[in-house]
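The values are calculated or read from the model by the stated rules, or taken from the named source; none is laboratory data. Treat the numbers as computed from the prediction; the structure is a model and nothing was measured. Cβ coordinates were reconstructed from backbone atoms using ideal geometry, including for glycine residues, and neighbour counts include every protein chain displayed. The area values use the complete protein model at the heavy-atom level, side chains included, leaving out ligands, DNA and RNA. Shrake-Rupley method; radii C 1.70, N 1.55, O 1.52, S 1.80 Å.
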Amino acid sequence: MVLLVGLLACGDDADVATVAPSALDATWVATVAREPARFEALIGAAKSREGWISLHKNAWVEATGTKGAPAERASAELAVLHGVLADVSNDAWRTLGATWELRGTLPMDSAFPTLVALAAKDAGDNLVWARWLQVPRRADAAVDARVAQHEALRRGEGDPSSVLTLASAPLVSEPIAGGSRALWDPMVHLTLSLGHGRAIADGYPTDVLERTLFSGTIDPADGAPAASLAKLGLALPLQDDADACRELVRAFDRQLDPWKVQLVATAPDAGKSLLTDLRLVEGLRARALVDWGVDALGNDRPRCALAFAEMALDHEHPREITPLNPPTLFALSAAANLRTGRSREALDALEVLRGPFPETMGLDETVGDLAVLQGLDRAGDSREQ
């Protein structure tokens, strides 16, 4: 690739000019590379510079503490992140309930069935919700109070960040033989997602560069993943086929790689420096793949979502949030792995988020309980919890 860039840079200008126009020419990456002064003016503003730096690093919580467009953009990212984590939570609780019930060891004096029912309700799974409401369970005033808190926050009453405190300890700690059983709040992430979504209802940036900078958007007129794919002449496969989705990524790369070469060859020096120093093309690719993965997950194609997540991962830093590894990448990996029956792999992905997002502690513990329970069954161990 470096040699090819050099050849293009030193070769005949007419050769560069003959490269066919690309849908990628309308992206924020092209704008930054070709108009670096515009980029510098945008991020140079004192009120938003730190926010843009944080947004580039995928440090979204930091960015929400700043002002202007970066804070709004970060809230939007956090709304998606917690929406995916809510999906993980709902799947984990329902699977944990079904697994425990099948083992025949479900406790009769626990708040556990209530929490499974709440997760099913948040998932829109009304059949499972209604069934778990009929399972014998212990009434718990703390659970009732917490549900009321969540309902109020979801209506826009109160500060959604209060959920961060609620998530710091188990919702219920039940005595059992030889110890206690910790049960965590299954409603945390949907409440956070809705809170961040409400935060961006007013004042979201309208300027194209402010709206798309450091995103995975290909079509500046429409940020939807399907629109980005359509702009590239691609589409999400109709079936949940991991190989087909990997081929989609390869088709994207076949457009992206030569375009990057042309962009480097034709951009002014300042634009070239931004492209290479900030790894802008690689960032666009990673974020686009994560966007497509979230869309695939929402369309019940978890194998496809997992393929996108795996091909988006920066393998130089596979266990870190970086400019090329947005937090939602790890949430997506957790969700897709869990939905395809890989609870251990889901747990591995969640543990990357536990440090920067302490509110994932309860979800991590719940998926860990599920992995242990499923591991006992796979090992043929008949010990009861």
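Assorted remarks:
- When the pairs LYS57/LYS272; LYS67/LYS260; LYS47/LYS260; LYS231/LYS272; LYS121/LYS231; LYS47/LYS231 are compared against a 28 Å limit on Cα-Cα distance, LYS67/LYS260; LYS47/LYS260; LYS121/LYS231; LYS47/LYS231 fall above it.
- Top of LEU85, LEU232, LEU127 by mean-square fluctuation, Gaussian network on the chain, Cα under 10 Å: LEU127
- Cα centre as origin, Lys/Arg/Asp/Glu Cβ charges: the chain dipole, Debye: 380 debye
- Packing-based ranking, highest mean first, of 328-339, 275-286, 187-198 given that Cβ atoms within 10 Å are counted: 328-339, 187-198, 275-286
- Think of it as helices only: each DSSP H run of n ≥ 4 in the chain is worth -39500 (n - 2.57), and spread over all residues that comes to -20000 deg cm²/dmol at 222 nm.
- Whole-number accessible area per residue in Å² for the chain, which is evaluated in the context of all protein chains at 1.4 Å: 45 Å²
- Listed residues SER228, LEU106, ALA152: farthest to the positive end of the dipole of the chain (Cβ charges): LEU106
- The mean sequence distance of close C-alpha pairs (under 8 Å, at least 6 residues apart), as a share of the length of the range 240-355, puts its relative contact order at 25 percent.
- Dipole size of the range 243-379 about its Cα centre, with +1 on Lys/Arg Cβ and -1 on Asp/Glu Cβ: approximately 360 debye, rounded to the nearest 20.
- Among GLY65, GLY179, GLY156: highest mean-square fluctuation, GNM of the chain, C-alpha pairs under 10 Å: GLY179
- Gain in span if fully extended, ASN126 to GLU101, counting 0.36 nm per residue against the direct Cα distance: 7.2 nm
- Selection among ALA41, LEU274, GLY97 by position relative to the dipole of the chain gives GLY97 as farthest towards the positive end (Cβ unit charges, Cα centre).
- Dipole of the range 228-333, positive direction: furthest Cα of HIS315, ALA305, ALA286, with charges on the beta-carbon: ALA286
- Local net charge near GLU157, Cβ-Cβ under 13 Å (Lys/Arg +1, Asp/Glu -1): +1
- FRET efficiency estimate (nearest 0.05) - Cβ-Cβ, ALA224 to ASP377, R0 45 angstrom: 0.65
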